[in-house]
Amino acid sequence: MRPAFCFILFPTLWAQGTLADYQRFLTYSEKQRQFTAGAAGPVSWRESSDRFWYSRSTASGNEFVIAAVDGSKRPAFDHQRLATALSALKGRRFEPNRLQIGNLRFKENVLEFQLASERIEIDLNTYQPKVIPLPGPAWSSGPRVVESQRPVKSPDGKSELFIRNYNVWIRTKADKPLTTDGSEGNYYALSPQAWSPNGGKVAVYRVRPGQRRQIHYVESSPADQVQPRTKSIPYAKPGDALDLPQPVLIDIQSGKPTEIDNRLFSNPFSLSRIEWRKDSRAFTFEYNQRGHQVYRIIEVDAATAVPRAIVSEESSTFFCYSNKKFRDDLADGAEVIWMSERDGWNHLYLYDGKTGKVKNQITKGEWVVRSVAGVDATKRQIYLLASGMDAGKDPYYRHLFRIDFDGSHLTRLTAADADHDVSVSPNFQYVTDTYSRTDLAPVTELKRISSQEIVSTLEKLDDGPLKASGWRPPEVLTAKARDGKTDVWGVLFRPSNFDPNRKYPVLEFIYAGPHDSFVPKRFSPASPMQAMAELGFIVVQIDGMGTSNRSKAFHDVAWKNLGDAGFPDRINWHKATAAKYPWYDLDRLGIYGHSAGGQNSLGALLFHGDFYKAAVSSAGCHDNRMDKIWWNEQWMGWPVGDHYAASSNVDNAAKLKGKLLLAVGELDTNVDPASTFQVANALLKAKKQFDLLVLPGADHGGWGEYWERKRADFFVRNLLGVQPPDWNTVVP
């Protein structure tokens, strides 16, 4: 009989990549799930402030819990009845212990939640479900504006606005046009906030449509027919001509529309939805300039139609609007709390809403505000999560602080040396705190803010059985970045049968997207990286320069240079780790990544092929001109220039060294699949050798066990020098 596997290279190695190793790899996540019971998900408070809900993991899946400030808790609903109701509604089986629902809202005895792309409402007395129609979007396919499909009622309910023939109409006793200059090439669009609160005026956008790019798909193997099926989706890409929205103010009594002077917002990537002041004196919107280097809060006087900038954020690189923007208008716009990296670190500022001047910087120092957990306008206090404040500690751990609007009385409200996920009650009397580290099991506590007393321990994962099973946490390691002084942080996973006398090839899991940081900071008994290590690898992950949640200078490395991907820092980290551990074999260094990580992993072989020896690149954005506009222009800027080509895996394909596996889903709606085919085409033209896997019917993720084995086989063959099992004869 043909053997399931055999050695083909490196005969001095021990039996790494054996069938037994594969069995541990393939079953790891499922086996580890038994050790996750008791971990709580994010907490959401009900409006009453005395109750909150969260999901918790169980030995068989998950359940939802309602808890109260007295420490009591109970199931949030009858999970079996809800699963039965959803099964009847959707025509497929729902398991009561594996309900994938989110964004729950409780109103008396009614539960509302998100299920995939729908909102569902359930009467908890009868468990009769109904689908809630969602309001028509104001923005589509990135920054594009679309027409509202629903009328917008006046504040008194006696009139309503609607769109007819591209114009704004009003319906009272009869229908009457408020505008007449709308056309297919310059149409009007409504938003739910169009009416002023006093009903006297309306603010709308007139929109000149931009490019309507689509990407096209062939579904080769649809489940319901023999023949392929085609489809197209809207998909704006960097450099595309965008919709040009122009705000217009309409006086209801006179019927006169007034176009707002756009000199403060003349080149928009986007304008946000219109929001009226409560006293109807003005309306506001946010202006994100094309290229993301100017961001403004615009207020338009309702009496004069004159706009002004309350906040004008300007940067020589990028303003990180996607995850470093926070705004809270106080006292109907008299003051504004604003988030900015203008001093080199992400901090909060208090603006005078009338003058547009900064009253004071609220937070300051060489540390980072990560998010705002609550604003107590009455006591003029802010609750915020921040990181990087503690010298010698992991700079990514989030802690809860409270600070006064004037920047005084900064008070730490969490103690454990760990990463904290908190939820502050609406009345600012209580906080739930879930904290953990990679080596510290999660604990969820309910605390009284005033005294810091622990009211109750809501959940605590018992890691005793996990440790008894032989599990060990990843090792946290640091090394100096390319500047020789900044620490970069990473984690290292060993196989469970690790032997320090062996030599181990190294796999780096990479995702270098500038929108966040990615090295795990929280407890995870079932890490996919640990599963990969079971095959006989050391598996690592590193946050190099160009990722987020450190200083602005650290972040700015990515500006117009996504091809950098922090590789100089990653290489330093690898070398430092190899100097520390003789079993860390840099002569057999592989790398794998998905999506933006797919771009990064191939980039390792193109730009650093003398260091990295093998790469698996899945669903990669290989040229930033081919991917979605909002993400790529955020970091690569506008207009599109030569710097896009410099970071392109397509334009640099001829530089390939090492072994490469490309993979793509034929129906990927996140990253255009053509991006993978274009880099494959460039590699073919350069006469480069590589493997290409196309997954029929696959979207951007969820590719399943076949893909997991295929990726593992590639590294087992090319780094371990072992022929993987013949999966056509061996049952996994």
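The values are calculated or read from the model by the stated rules, or taken from the named source; none is laboratory data. It should be emphasised that the depicted structure is a prediction, and the values quoted were computed from it without experimental measurement. Note: ideal-geometry Cβ built from the backbone for every residue, glycine included; neighbour counts use all protein chains shown.
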With criteria (1) closer than 24 Å to Asp21 by Cα; (2) surrounded by fewer than 24 Cβ atoms within 10 Å (Cβ to Cβ), Gly593 comes up short on (2)
Ala416 vs. criteria among the aliphatic types (A, V, I, L, M), within 22 Å of Ile297 (Cβ to Cβ), more than 24 Å from the chain's Cα centre (by Cα) and not assigned by TED's automatic domain parsing to the domain that holds Tyr295: no
Which residues, counting only those in the range 669-688, are assigned to a loop (DSSP other than H, G, I, E, B) and either hydroxyl-bearing (Ser, Thr, Tyr) or closer than 21 Å to Leu507 by Cα (or both)? Thr669
Of the residues Leu683, Leu692, which single one is more than 27 Å from the chain's Cα centre (by Cα), surrounded by fewer than 18 Cβ atoms within 10 Å (Cβ to Cβ), of a type outside the set (Lys, Arg) and not assigned by TED's automatic domain parsing to the domain that holds Gly17? Leu692
Name the single residue that is surrounded by the fewest Cβ atoms within 10 Å (Cβ to Cβ) among those in the range 664-679 being under 22 Å from the mean Cα position of the chain (by Cα) and of a type in the set (A, V, I, L, M). Leu667
Asp329 fails exactly one of the following numbered conditions: (1) under 25 Å from Ala373 (Cα atoms); (2) touching a Phe, Trp or Tyr at 6+ places or on another chain (Cβ under 8 Å). What is the number of that condition? (2)
State whether the residues of the range 77-95 include one that is under 22 Å from Phe35 (Cα atoms) and touching a residue at least 24 places away in the same chain (Cβ under 8 Å). yes
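Each row is one residue, and each column tells you yes or no for (1) farther than 26 Å from Ala712 by Cβ; (2) in contact with a Lys or Arg (Cβ under 6 Å, 6 or more places away or on another chain).
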| position | (1), (2) |
| --- | --- |
| Thr486 | yes, no |
| Ser496 | no, no |
| Pro505 | no, yes |
| Pro514 | yes, no |
| Gly544 | no, yes |
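Yes/no matrix, rows are residues, columns are (1) under 30 Å from Pro525 (Cα atoms); (2) at pLDDT below 90; (3) buried (at least 17 other Cβ atoms within 10 Å of the Cβ); (4) out of contact with any Gly (no Cβ under 7 Å at 6 or more places or on another chain):
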| residue | (1), (2), (3), (4) |
| --- | --- |
| Ser48 | no, yes, no, yes |
| Trp53 | yes, no, yes, yes |
| Asn62 | yes, no, yes, yes |
| Val65 | yes, no, yes, yes |
| Phe77 | yes, no, yes, yes |
| Ala88 | no, no, no, yes |
| Arg92 | no, no, no, yes |
| Leu99 | yes, no, yes, yes |
| Ala116 | yes, yes, no, yes |
Across the range 327-351, what is the total count of residues that are in a loop (DSSP other than H, G, I, E, B), touching a Ser or Thr at 6+ places or on another chain (Cβ under 8 Å) and either surrounded by fewer than 17 Cβ atoms within 10 Å (Cβ to Cβ) or not hydrophobic (A, V, I, L, M, F, W, C) (or both)? 5
Could you grab me the full set of residues in the range 588-628 that are touching an Asp or Glu at 6+ places or on another chain (Cβ under 6 Å) and of a type in the set (Val, Ile, Thr)? Ile591
Enumeration of residues in the range 289-311 that are in contact (Cβ under 8 Å) with a residue 40 or more places away in the chain and under 22 Å from the mean Cα position of the chain (by Cα): Arg290, Gly291, His292, Gln293
Only residues that are β-branched (Val, Ile, Thr) and either under 19 Å from the mean Cα position of the chain (by Cα) or not assigned by TED's automatic domain parsing to the domain that holds Pro268 (or both): list them for the range 313-342, please. Val336, Ile337
Taking the stated definitions as given, is Thr284 crowded, with 21+ Cβ neighbours inside 10 Å and either assigned to a strand (DSSP E or B) or not basic (Lys, Arg) (or both)? yes
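With the structure loaded, tell me whether Thr304 is crowded, with 16+ Cβ neighbours inside 10 Å and of a type in the set (S, T, N, Q) or whether it fails that test. Break it down stepwise before answering.
On the way: crowded, with 16+ Cβ neighbours inside 10 Å: no; of a type in the set (S, T, N, Q): yes.
Considered against the rule, which asks whether it is crowded, with 16+ Cβ neighbours inside 10 Å and of a type in the set (S, T, N, Q), Thr304 comes out as no.
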Quick check: is even one residue across the range 436-447 over 30 Å from Ala579 (Cβ atoms) and among the hydroxyl-bearing types (Ser, Thr, Tyr)? yes
Residues that are outside any loop (DSSP other than H, G, I, E, B) and either in contact with a Pro (Cβ under 8 Å, 6 or more places away or on another chain) or within 15 Å of Asp240 (Cβ to Cβ) (or both), drawn from the range 649-668: Val664, Gly665
Pairs please, first residue from the range 312-330 and touching a residue at least 60 places away in the same chain (Cβ under 8 Å), second anywhere and assigned to a strand (DSSP E or B), Cβ atoms under 7 Å, 6+ apart in sequence or on different chains. Tyr321/Asn288; Tyr321/Tyr295; Lys324/Met339
How many of the residues in the range 609-648 are surrounded by fewer than 19 Cβ atoms within 10 Å (Cβ to Cβ) and farther than 25 Å from Gln293 by Cβ? 3
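Take the residues of the range 247-281 that are in a strand (DSSP E or B) and closer than 19 Å to Tyr295 by Cβ: which is farthest from the chain's Cα centre (by Cα)?
Result: Pro247.
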Residues of the range 394-429 classified as closer than 25 Å to Val336 by Cα and of a type in the set (Phe, Trp, Tyr), total: 3
Go through (1) free of Cβ contacts under 8 Å to residues at least 24 places away in the same chain; (2) assigned to a loop (DSSP other than H, G, I, E, B); (3) crowded, with 16+ Cβ neighbours inside 10 Å and name the single condition Thr355 misses. (3)
Please list, ordered by first then second residue, the pairs with beta carbon atoms under 8 Å, 6 or more apart or interchain, first in the range 714-732 and more than 18 Å from Pro505 (Cβ to Cβ), second outside any strand (DSSP E or B) and of a type in the set (D, E, K, R). Asp726/Arg2; Trp727/Arg709; Thr729/Arg2; Pro732/Glu705; Pro732/Arg709
Conditions first: (1) within 19 Å of Glu121 (Cα to Cα); (2) at pLDDT 90 or above; (3) of a type outside the set (A, V, I, L, M). Gln32 passes all but one, so which condition is the exception? (1)
Which of the residues that make up the range 534-548 are in contact with a helix residue (DSSP H, G or I) (Cβ under 6 Å, 6 or more places away or on another chain) and assigned to a strand (DSSP E or B)? Val539, Ile542, Met545
Under 7 Å by Cβ, and 6 or more places apart or on different chains, what pairs join a residue from the range 233-252 that is farther than 16 Å from Glu633 by Cβ with one that is of a type in the set (Asp, Glu) and surrounded by fewer than 18 Cβ atoms within 10 Å (Cβ to Cβ)? Gln246/Glu259; Val248/Glu259
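Just to be sure before I move on: is Asn360 among the polar types (S, T, N, Q), out of contact with any Phe, Trp or Tyr (no Cβ under 7 Å at 6 or more places or on another chain) and closer than 30 Å to Asp279 by Cβ in the structure I sent?
Here the answer is yes, as Asn360 does meet what is asked.
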